[in-house]
Amino acid sequence: MNAPSPAPNDYSAYPDAQGRFGDYGGRYVPETLMPLVHELDAAYRAAKADPAFQAELSSFLTHYVGRPSPLYFAERLTQHYGGAKIYLKREELNHTGSHKINNCMGQILLARRMGKTRIIAETGAGQHGVASATVCARFGLPCVVYMGAVDVERQKPNVFRMNLLGAQVEAVTSGSATLKDAMNEALRDWVTNVHDTYYMIGTAAGMHPYPEMVRDFQSVIGQEVREQMMAAEGRLPDAVVACVGGGSNAIGIFHPFLNDEGVRLYGVEAAGEGMDSGRHAAAINGGRPGVLHGNMTYLLQDPEGQITEAHSISAGLDYPGIGPEHSWLHDVGRATYLTATDQDSLEAFTLLAQLEGILPAIESAHALARLPEVVKDVGKDGIVVLNLSGRGDKDVATVAAHLGRTI
Amino acid sequence: MTKTRIDARFAALKAEGRAAFVAYVMAGDPDYATGLEILKGLPGAGADLIEVGFPFSDPMAEGPPIQRAALRALNKGMTLSKTLQMIAAFRQVDQTTPIVLMGYANPLINRGFETFARDAAAAGADGLIVVDIPPEEADPLADALDAEQLSLLLLSTPTSDDARLKIILKRTSGFAYYVSVAGVTGVKEADAATVAPHVERVRAAGGLPVCVGFGIKTPERAAAVARVADGVVVGSALVDEVAEALAVNESVTARVLSKVNSLAKAVRSARVESLTV
Ligand SMILES: Cc1ncc(COP(=O)(O)O)c(C=O)c1O
């Protein structure tokens with residue numbers, strides 16, 4: 001890789017027309033897909049500029065998704081850490097139980113606009129799969145969800161939910177049979193069904209324009225936080241924290257704050273069994289730049305450039321890459337990327353359940369696990385906002401197993 | 001002057017009035033020693049050009065046969081360095097058969113394009129196909145290969161319109177590779193009648209010989225495509241022979257080379273037959 005790009009004055013002006021955030025991003029796809037990627041880019045730009053599209057999206061976000069999601073002052077959690085005020089952005093209260101629906105709603109409206117008649121998606125935890133299946137049901141489009149066979153096993157309730165919603169779930173057995181392999185298989189489907197199929201990517205990664213488009217659809221989170229925080233405290237927060245798998249919930253809450261340099265941004269990657277164990281899913285903290293799934297970004301890879309398997313208790317974070325904008329924000333120093341282990345996250349999961357009566361998704365629990373450091377960083381009078389990206393009902397079996405209990 | 005190896009081969013084939021048979025094998029499948037033995041045997045079995053796949057963990061445009069071949073090779077410790085080493089060993093016994101490497105971007109990025117180009121040229125490779133580097137991302141790689149007189153072969157596909165073909169062929173040398181089906185390798189079957197007008201489009205856009213690959217499995221199909229194109233590439237059907245041989249405990253080399261032989265025969269006689277029928 002080249003040296004990190006110089007810090008620009010306008011962090012929100014990226015990507016460029018080539019889909020680059022500094023050295024990261026781009027469109028590394030087979031030629032067969034390239035015309036489709038251009039078509040999508042043009043269609044997205046037209047939709048973005050069309051007030052009718054924005055109005056339609058906004059209406060569905062209000063009446064179907066249930067936006068705005070609350071910004072909740074977590075009083076007991078704040079007391080527990082004894083420092084900065086902690087607010088939770090309640091994305092887990094959205095329809096289908098996570099932030100994933102924000103993006104799916106945007107993309108399904110775009111797919112309809114483009115005249116596509118078949119939707120494909122990849123999923124890890126099943127949250128994006130459920131959100132995809134949901135919007136496909138709502139608009140009457142057939143939906144095929146690729147899911148690693150390992151994830152099908154550990155997220156059974158979500159597989160059943162997708163089936164109930166009428167989606168076809170394809171268990172992927174190739175490679176490590178997790179999220180990256182599901183994405184490979186979805187790309188193979190797309191390359192084969194170029195005429196009618198829309199690929200609904202679930203995170204702010206993949207080839208341009210997906211990282212930008214998914215970020216834009218998820219930025220509603222950060223925009224609401226700005227307004228809600230001004231209403232609640234009359235000022236912006238000192239820090240924003242989010243877990244990072246591919247990075248969509250994190251970039252969604254970060255992006256509207258990129259140019260407010262007083263707002264510290266913390267992404268939390270999954271450290272699995274520990275960074276030293278080698279069994280983790282922390283692309284920035286434990287990887288190197290490379291190309292996978294259409295973009296240049298930090299990746300877990302061996303010395304020969306083969307992608308290595310990610311490991312995390314959380315299926316939604318179990319991915320060897322990260323969205324390209326995060327790679328760039330890391331290099332230019334605008335955001336800080338921490339890690340949380342499986343064990344840290346389990347403890348944070350139970351803590352939130354017991355102090356606030358909220359079961360967080362095990363993904364979101366990774367962000368919760370780093371609150372002690374973040375609270376300390378911003379000081380006693382500080383304000384921290386944490387993106388509670390999803391609810392934990394889907395994870396109770398996993399948590400029980402790790403606690404050595406049977407349910 | 002490695003580029004001339006590809007040019008010389010196509011000039012010779014043109015003089016013979018027949019299409020090229022291009023054999024794709026995965027380097028180190030099922031292991032280094034057998035892979036090298038197969039490689040050395042390919043020209044004798046009738047391969048006019050050789051594509052050598054270097055394995056990648058996440059081959060997004062590959063169907064099950066080549067996915068499995070890559071896994072077999074990786075599980076036996078195959079790497080990009082060893083792939084180049086294998087080509088160097090091949091060059092000790094064959095200085096004329098062109099070799100085109102084929103794979104994915106990340107192992108190349110990991111090594112650095114300049115270093116790779118130098119090492120590949122030193123090993124005796126002639127060209128490179130990278131499935132996930134479209135023309136939009138190709139410049140840094142193309143520059144590095146140019147510096148070593150190696151050919152970059154950007155793929156043309158059924159979704160590439162004439163404007164894109166121009167861009168693709170501007171940075172392509174050696175021969176043009178037309179991917180005959182929208183899909184992954186080894187699944188859909190190519191149809192010669194459908195392919196023919198596209199071959200003409202690609203030939204017109206670049207003036208290079210056009211080889212067709214991605215959906216050709218049988219001698220009949222290979223012969224049909226050989227009548228409309230300058231070369232026929234077969235990959236999945238060959239790596240399937242590796243899998244088959246392993247499953248029934250037969251000699252892998254013998255099985256692969258015998259398949260190459262039947263495909264090459266079909267390609268060699270295709271135009272002669274078409275003249276007589
Ligand atoms: C609740 C929840 N949070 C976070 C993630 C991670 O994805 P991202 O990093 O794109 O937000 C997932 C993915 O499945 C999820 O379900």
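The values are calculated or read from the model by the stated rules, or taken from the named source; none is laboratory data. Since this is a predicted model, take the numbers as computed values, not measurements. Neighbour counts are summed over all protein chains in view; Cβ atoms, including those assigned to glycine, are modelled from backbone coordinates with ideal geometry.
Would you point out the residue of segment A:291-313, among those that are of a type in the set (A, V, I, L, M, F, W, C) and closer than 18 Å to A:Pro15 by Cβ, that is nearest to the other protein chains (Cβ to nearest Cβ)?
Start the filter on segment A:291-313 by keeping residues that are of a type in the set (A, V, I, L, M, F, W, C), which leaves A:291-292, A:296, A:299-300, A:307, A:310, A:313.
Still in the list and also closer than 18 Å to A:Pro15 by Cβ: A:291-292, A:296.
Details: A:Val291: 4, A:Leu292: 6, A:Met296: 8 Å.
Within segment A:291-313, the match that is nearest to the other protein chains (Cβ to nearest Cβ) is A:Val291.
Here is a list of conditions, (1) in contact with a helix residue (DSSP H, G or I) (Cβ under 6 Å, 6 or more places away or on another chain); (2) part of a strand (DSSP E or B), and B:Asp94 meets all of them except one; can you say which number that is?
Result: B:Asp94 passes all but (2).
Is it the case, given these coordinates, that A:Ile322 is away from chain B (no Cβ under 13 Å), assigned to a loop (DSSP other than H, G, I, E, B) and within 15 Å of the ligand (Cβ to nearest atom)? Give the steps one after another, and end with the answer.
Values: away from chain B (no Cβ under 13 Å): yes; assigned to a loop (DSSP other than H, G, I, E, B): yes; within 15 Å of the ligand (Cβ to nearest atom): yes.
So A:Ile322 passes the test.
What tally of residues in segment A:229-254 results from selecting those that are more than 9 Å from the ligand (Cβ to nearest atom) and within 15 Å of A:Lys89 (Cα to Cα)? If you could, list the steps in order and put the result at the bottom.
At the first step, the residues of segment A:229-254 found to be more than 9 Å from the ligand (Cβ to nearest atom) are A:229-241, A:253-254.
From what's left, within 15 Å of A:Lys89 (Cα to Cα): A:229-233, A:236-241, A:253-254.
Result for segment A:229-254: 13.
Taking B:Ile109 and the conditions (1) more than 16 Å from A:Tyr28 (Cβ to Cβ); (2) free of Cβ contacts under 8 Å to residues at least 12 places away in the same chain, which numbered condition does it fall short on, given that it satisfies the others?
(1)
Going by the structure shown, is B:Val187 touching a residue at least 60 places away in the same chain (Cβ under 8 Å) and within 11 Å of another protein chain (Cβ to nearest Cβ)?
yes
Out of (1) more than 26 Å from B:Lys265 (Cβ to Cβ); (2) outside any loop (DSSP other than H, G, I, E, B); (3) touching a residue at least 40 places away in the same chain (Cβ under 8 Å), the odd one out for B:Leu39 is which?
(1)
Limited to segment A:121-152, what total is found for residues that are more than 16 Å from the ligand (Cβ to nearest atom) and either within 14 Å of chain B (Cβ to nearest Cβ) or free of Cβ contacts under 8 Å to residues at least 40 places away in the same chain (or both)? Give the derivation first.
Filtering segment A:121-152 for residues more than 16 Å from the ligand (Cβ to nearest atom) gives A:136-144, A:149.
From what is left, the residues that are either within 14 Å of chain B (Cβ to nearest Cβ) or free of Cβ contacts under 8 Å to residues at least 40 places away in the same chain (or both) are A:136-137, A:139-143, A:149.
Count: 8.
What are the residues in segment B:190-206 that are touching a residue at least 12 places away in the same chain (Cβ under 8 Å) and touching a strand residue (DSSP E or B) at 6+ places or on another chain (Cβ under 9 Å), if any?
The answer is B:Ala190, B:Ala192, B:Val195, B:His198, B:Val199, B:Arg201, B:Val202, B:Arg203, B:Ala205, B:Gly206.
Which of the numbered conditions does A:Val241 fail, given that it passes all the others? Conditions: (1) touching a Leu at 6+ places or on another chain (Cβ under 9 Å); (2) touching a residue at least 40 places away in the same chain (Cβ under 8 Å); (3) under 18 Å from A:Tyr319 (Cα atoms).
Result: A:Val241 fails condition (3) only.
Going by the structure shown, is A:Val241 modelled with pLDDT of 95 or more and not in a helix (DSSP H, G or I)?
On the way: modelled with pLDDT of 95 or more: yes; not in a helix (DSSP H, G or I): yes.
When the stated conditions are applied, A:Val241 passes them.
Looking for something modelled with pLDDT of 95 or more, under 30 Å from B:Ser160 (Cβ atoms) and surrounded by 13 or more Cβ atoms within 10 Å (Cβ to Cβ) - is there at least one such residue anywhere in segment A:51-66? Give the derivation first.
Let us first name the residues in segment A:51-66 that are modelled with pLDDT of 95 or more, namely A:51-66.
Still in the list and also under 30 Å from B:Ser160 (Cβ atoms): A:53.
Restricting the remaining residues to those that are surrounded by 13 or more Cβ atoms within 10 Å (Cβ to Cβ) gives A:53.
Within segment A:51-66, one or more residues are modelled with pLDDT of 95 or more, under 30 Å from B:Ser160 (Cβ atoms) and surrounded by 13 or more Cβ atoms within 10 Å (Cβ to Cβ).
When the residues of segment B:88-107 are narrowed to those that are of a type in the set (S, T, N, Q) and more than 18 Å from the chain's Cα centre (by Cα), which ends up surrounded by the most Cβ atoms within 10 Å (Cβ to Cβ)?
Within segment B:88-107, the first condition is being of a type in the set (S, T, N, Q), and the residues that meet it are B:92, B:95-97, B:106.
If we keep only those that are more than 18 Å from the chain's Cα centre (by Cα) as well, we get B:92, B:106.
Values: B:Gln92: 9, B:Asn106: 25.
The extreme case among them is B:Asn106.
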